[in-house]
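This report concerns only the one structure given below.
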Amino acid sequence: MKDETHTPPLRWPLFWRLLCAAYLGIIIWVSLRPSAPNLGAAHMDKLAHLAGYGGLMWCYAQCHARRHWPKIAMALIATGLILEYLQGLGGVRSAEWLDGLANMLGVALGWFAAKRLKWNVLRIIEAKL
């Protein structure tokens with residue numbers, strides 16, 4: 001296992017973390033707005049949940065050391081479940097347990113992708129700028 005203490009720090013960690021927070025903000029907004037996005041085919045929303053939370057976990061994993069990933073994953077899973085619960089309280093949209101499951105699987109997929117891909121996109125971007 002690679003020693004993370006020798007990994008050079010990002011040059012713009014605050015910028016990248018704010019970008020991840022903006023991504024999370026978009027997910028919260030889409031989740032809590034009165035009408036759900038029309039994705040066309042049946043159950044495409046499950047794929048959107050999977051991709052949204054997978055991308056979010058991957059994004060946060062890019063700018064945080066691996067030792068922080070479990071806390072990040074738990075926070076994202078809790079956020080997804082809370083948002084599903086709040087959708088059910090609104091009276092317009094409904095909470096679906098399959099959406100919560102897709103959120104959790106997305107977080108796991110994002111973790112897996114971040115762990116298996118040996119390159120950090122943010123470091124590559126910073127090196128090019």
Sites removed, the longest contiguous part of the chain containing no DSSP-loop trypsin sites (Lys or Arg not before Pro) with at most 10 other Cβ within 10 Å is 3-117
Sum of -39500 (n - 2.57) over DSSP H runs of 4+, divided by residues of the chain (222 nm, nearest 500): -23000 deg cm²/dmol
Show me, for segment 83-97, the HN-Hα J-couplings you get by feeding each phi into the Karplus relation (A = 6.51, B = -1.76, C = 1.60, θ = phi - 60°), rounded to Hz, glycine and proline as x. 5, 4, 4, 5, 4, x, 7, x, x, 9, 9, 10, 7, 10, 5
Crossing angle, helix 44-62 versus the chain [Cα axis fit, 0-90 degrees, rounded to tens]: 20
Comparing 88, 40, 52 in a Gaussian network model of the chain (Cα, 10 Å), the one with the largest mean-square fluctuation is 40
For residue 95, residues with placed amide H under 5 Å, excluding near neighbours: 88
Answer with a single label: of [x] -0.57, -0.73, -0.89, -1.21; [y] -0.82, -0.89, -0.97, -1.11; [z] -0.74, -0.88, -1.00, -1.21, which was calculated as log10 I(q)/I(0) by the Debye sum over Cα atoms at q = 0.13, 0.15, 0.17, 0.21 Å⁻¹ from the structure in view? [x]
With springs connecting C-alpha atoms under 10 Å apart, model the chain as a Gaussian network and identify which of 76, 14, 101 has the largest mean-square fluctuation. 14
With Cα springs under 10 Å, the Gaussian network model of the chain assigns the largest mean-square fluctuation among 72, 82, 27 to 82
Mind counting lysine pairs for me in the chain? Cα separation below 25 Å, and the two need to be 8 or more apart along the chain or on different chains. 10
How far apart, in nm, are the 7 Å Cα→Cβ label points at residue 123 and residue 75? 2.2
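Throughout, read-outs are computed from the coordinates displayed, never taken from laboratory work. No experiment lies behind these values; they were computed from the predicted model shown. Note that we place each Cβ from the backbone using ideal geometry, even for glycine, and neighbour counts take in every protein chain shown.
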